[in-house]
Amino acid sequence: MNTGLVDAGQFGYISDTAFVFATVVYALAMTAHIAEWASARRVAAPAAIRAQERVREPEPVGAGSPAGAAGAVGAPVDELSDEELGTERYGRVGVSLTVLAFLTHLVGVGARALAAERAPWGNMFEFATTGALAVTAAYLVALRLYRTRWLGLLVTVFVTIVLGIAMLTPAIYVAPGPLVPALHSYWLVIHVAAAALAGGAFCIGALSSLLYLLKSRAERRTAVEDRRGYLWRLPGSAEVDRVAYKVHAFAVPLWTFAVLAGAIWAEYAWGRYWGWDPKETWAFITWVVYAAYLHARATAGWQGRNAAIIALVGFATFLFNFVGINLFASGLHSYAGV
Amino acid sequence: MRRTYTPAPALSVLETLRWAWRQLTSMRTALILLFLLAVASIPGSVIPQTGVDPSAVFAFRESSPELARWYDRLGLFHVYSSVWFSAVYVLLMVSLVGCFIPRARQYWRSFRAEPPNAPRNLDRLPVHREWTAVDSGAVVAERAHRVLRDRRYRVRRYVDDRGDQVVAAENGHLREAGNLVFHLSLLVVLFGVAYGSLFGFKGGALVVEGEGFSNTLTQYDEFEPGAWFDPASLDPFTFTVDDFAVTFETAGDQRGAPRSFQADVSYVEAPGAPAQQYDLRVNHPLQIDGTSVFLVGHGYAPEVTVRDGNGDVAFRGPVPFLPQDSSYTSLGVIKAPDAAPQQLGFEGFFLPTVAFDEQRGPYSAFPDALAPGLVLTAYHGDLQMDGQPQSVFVLDKERLRQFEQQGGEPFRILLRPGKTVQLPDGRGSISFDGLSRAVRLQVSSTPAKVVPLVGVLAAIAGLVASLFVRPRRAWVRVGRRDGDTVVQAAGLDRVAGGDLVGAVDDIVTAIRPRSRDMEHA
Ligand code: HEM
């Protein structure tokens, strides 16, 4: 295709450059977040949090306002000590860099689509880059809705690793090109778009659940006077858990829909909507595990820690479907270019 | 001591059953069964499955027969229809029904119930507002009623024992309804899938370009009927593959990857119906009544002529070969039962683009037919074609002898199009006349496909409702205290995490008139 100004080859070049740039900026954002955590290492938990978790004192009037917000991540700057100010500043730099990396990443995925003249999800390289984009997108949305800057480090580490592996592994990187015929279907576009979005949300949910596990363990084990470090700048474990739940509540119906769209596509492509192909099997396993997660949250004795572990298992099955099955299993879903 | 051993047996059986039922229908059991279902699904993604890749199962049996015997005993080659896998999901479904019925009954009761009375002390509720109004109690209560009804609360008004007017409101019944719909839909999906696989079928056929297919059992190379499928229900259509075109990527990383396939077919829906045209492509199946015809692959059908020792034509025509890899190295056999004095058979590969390699010998370098060739070995003897029906892809070598060169090496043939090779001892010849393509078609019918589709859509809708709807109660109490009209409003969320403060404030703002600011909190 020749658009006059830029041709497909140039879009490919723009896309690759944008991916490299995005990976570098994500790495910088990750560095800023590492500094954020490191700078808080010696800082004691904000007084409000220390007080809140001490033996059941009657709550001061007005404590109904966002729990322990004073001094926690994202608090007004003028109330903070110098050290806290440093932590705050690193955190903000991390977020700004993540936004920049996200925009570049978006350009990369968009240019890839223009280069290949189709939706950019026909092979593993494209699944990885688009999936990682969905992770950052889900993070930025959660950041806006629930002020989850405390996820910054884990998210940037994850995305940097995924993009780095995709760019640097010759077996995964493929230049943009057209698709095998089975992939020509708008149901595929819907299926993959929904799966990528759900996957992004699953990732944010899993990272929140992980932090929930760390935080609730710390709350149980750490004496009040020893409470220092970044973990204590997170909201209380109940709030972290609530964020994890909300993200999962968004992701599970979407994943259900993604599986449905996949089944419809399979019906058009292969004449059966469900065939227990390894990829389908693992999509089902992921679905069942997340159903168990939602179920566990309503089952006595399974809330909290157990539910969070189930959520992590769910994300592991999702990743395995994407990495393990693509690489090791053969089935209708394994395509050219890995 | 003895007295402790006198249980009433009838009761205890009943009790045990009741206990078992309670266990089976508990949330915890449902959770454990869900895990079991996830774990039970794993082996089928690792071990080759008959329903997914029969040739992989065949290869597995060849390479590890001992293990295969064990797998057979455990049903591991067809996990998803095995007894133990079925047991898990049947238990889950029974548990689900056991859960569903009492909950549906309870839902029905609560659905018909009126919003409950206000608690005595509204100021003990999590969110509570109080103010004095200038309007009369009746006016404020009327307004509160309207405000709450507009916000889609279910509303009831009454006067309590202190003589205060109370507006009690409740909404969010949809949450529990959604949950029930979700669980019920799972049953619908299961039912739809089961129906489709019991009454449906799936078959495959390789059809050479220019040839026809009629939808009867004998025309299929493979056919998997559902347990209750009736062959008489096959739709009586026929079609001919008029033309087939395929293109491959010719450069770059993905050289050799298929880019497009298309078959032009003319079909007749039923005997006597007019012929119609269709362009059959991947993702573009031909639908005839409830049956769909899919283009799932393609292969080559070299056209050959076999002459026997007398110089007579013993066989002539295209012979489909089965593609084995992405370069379309294809396996096939040629049978000439009419050859005299002995029958002739050939076995070997068709290579679309012949290339040579020191170790491997001839191989195919590209899937398109750029430099096609046949690599065959030849046999004479008895093909044993008069007994059981034989596969057209296999030579029964029991009563066949291989042609040999001097020195005992098998006699190998490399045939290019337009060429003829003579067999040893004047026993005949084989010519490669030209090349046709063959399309691999899958023909299938899955009745009641819409049932699982509707089921999943309903499940999603139910799930969304049950995750996002928040049941909420709100009360407004209007009373006279010391000559003033005092209004109290309060709310209670039945699930955590909602913006109750916002909701109550919204109600309060709507009840208090904006213009007359004579009121004070
Ligand atoms: C096929 C098996 C099942 C699946 C996939 C499944 C899935 C789910 C999911 C995803 C939820 C959370 C969403 C919601 O609240 O509606 C849920 C909730 C629930 N399930 Fe199931 N379920 C299954 C079987 C059962 C069974 C057998 C029971 C009976 C013990 C049951 C009882 C419940 C209850 C009571 C809730 C509501 C929890 C609440 O109050 O929030 N489910 N289920």
Review point. Which pairs have Cβ atoms under 6 Å, sit 6 or more apart or on different chains, and link a residue in region B:447-474 that is on the phi > 0 side of the Ramachandran plot to one that is more than 10 Å from the ligand (Cβ to nearest atom)?
Key: B:A448/B:G192; B:A448/B:Y195; B:A448/B:G196
Check your understanding: Which of the residues spanning region B:66-88 are open to solvent by 70 Å² or more (accessible area, probe 1.4 Å) and more than 21 Å from the chain's Cα centre (by Cα)?
Key -> B:E66, B:L67, B:R69, B:W70, B:D72, B:R73, B:L74
**Study point:** Residues satisfying the stated conditions in region A:283-305, i.e. at pLDDT 95 or above and open to solvent by 40 Å² or more (accessible area, probe 1.4 Å)
**Key:** A:F284, A:W287
Practice item. Tell me, yes or no, whether region B:274-290 has at least one residue that is touching a residue at least 60 places away in the same chain (Cβ under 8 Å) and more than 14 Å from chain A (Cβ to nearest Cβ). Key: no
Check your understanding: From the list B:L91, B:L96, B:L24, B:L33, which residue is open to solvent by 50 Å² or more (accessible area, probe 1.4 Å), near the ligand (Cβ under 10 Å from one of its atoms) and touching a residue at least 60 places away in the same chain (Cβ under 8 Å)?
Key -> B:L91
Check your understanding: Given A:L214, A:L210, which one is part of a helix (DSSP H, G or I) and closer than 30 Å to A:E280 by Cβ?
Key -> A:L210
Check your understanding: For residues in region B:231-253 being among the acidic types (D, E) and not in a strand (DSSP E or B), which is nearest to B:A270 (Cα to Cα)?
Key -> B:D235
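This table checks each residue for (1) more than 7 Å from chain A (Cβ to nearest Cβ); (2) among the hydrophobic types (A, V, I, L, M, F, W, C).
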{"residue": "B:L34", "(1), (2)": "no, yes"}
{"residue": "B:F58", "(1), (2)": "yes, yes"}
{"residue": "B:S63", "(1), (2)": "yes, no"}
{"residue": "B:L67", "(1), (2)": "yes, yes"}
{"residue": "B:Y71", "(1), (2)": "yes, no"}
**Study point:** Considering residues of region B:432-470 that are open to solvent by less than 20 Å² (accessible area, probe 1.4 Å) and more than 14 Å from chain A (Cβ to nearest Cβ) only, the residue nearest to the ligand (Cβ to nearest atom)
**Key:** B:A438
Review point. Which condition number does B:S110 fail, the rest of (1) small (G, A, S); (2) touching a helix residue (DSSP H, G or I) at 6+ places or on another chain (Cβ under 8 Å); (3) under 19 Å from B:V487 (Cα atoms) being met?
Key: (3)
Review point. On the given criteria, is A:V224 buried (at least 23 other Cβ atoms within 10 Å of the Cβ), away from the ligand (no atom under 16 Å from the Cβ) and of a type in the set (A, V, I, L, M)?
Key: no
Revision key, fill the gap. How many residues of region A:232-282 are open to solvent by 40 Å² or more (accessible area, probe 1.4 Å), assigned to a helix (DSSP H, G or I) and either farther than 26 Å from A:I204 by Cα or away from chain B (no Cβ under 12 Å) (or both)? The answer is 1
Revision key, fill the gap. When region B:291-319 is checked residue by residue, the ones that are buried (at least 19 other Cβ atoms within 10 Å of the Cβ), away from chain A (no Cβ under 14 Å) and at pLDDT 90 or above are B:Y300, B:A301, B:P302, B:V304, B:V306, B:R307, B:D308, B:A314, B:F315, B:P318, B:V319
Check your understanding: If we scan region B:325-341, do we find a residue that is under 15 Å from B:R307 (Cα atoms), open to solvent by 80 Å² or more (accessible area, probe 1.4 Å) and touching a residue at least 24 places away in the same chain (Cβ under 8 Å)?
Key -> yes
Exercise for review: Look through region A:297-330, keep the residues that are within 17 Å of A:V240 (Cα to Cα), part of a helix (DSSP H, G or I) and within 13 Å of the ligand (Cβ to nearest atom), and return whichever of them is farthest from the other protein chains (Cβ to nearest Cβ).
Suggested key: A:A311
Exercise for review: Considering only region B:149-203, state which residues are of a type in the set (D, E) and either assigned to a loop (DSSP other than H, G, I, E, B) or within 16 Å of the ligand (Cβ to nearest atom) (or both).
Suggested key: B:D160, B:D161, B:D164, B:E176
Review point. Regarding B:L331, is this residue touching a His at 6+ places or on another chain (Cβ under 8 Å) and in a strand (DSSP E or B)?
Key: no
Revision key, fill the gap. The correct count of residues that are modelled with pLDDT under 85 and farther than 18 Å from B:R440 by Cα in region B:240-288 is 8
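The values are calculated or read from the model by the stated rules, or taken from the named source; none is laboratory data. Values in this document were obtained by computation on a predicted structure and should not be read as measured data. Positions of Cβ are backbone-derived with ideal geometry, glycine not excepted, and every protein chain shown enters the neighbour counts. To get the accessible areas, we keep the full protein, side chains included, count just its heavy atoms, and leave off ligands, DNA and RNA. Shrake-Rupley method; radii C 1.70, N 1.55, O 1.52, S 1.80 Å.
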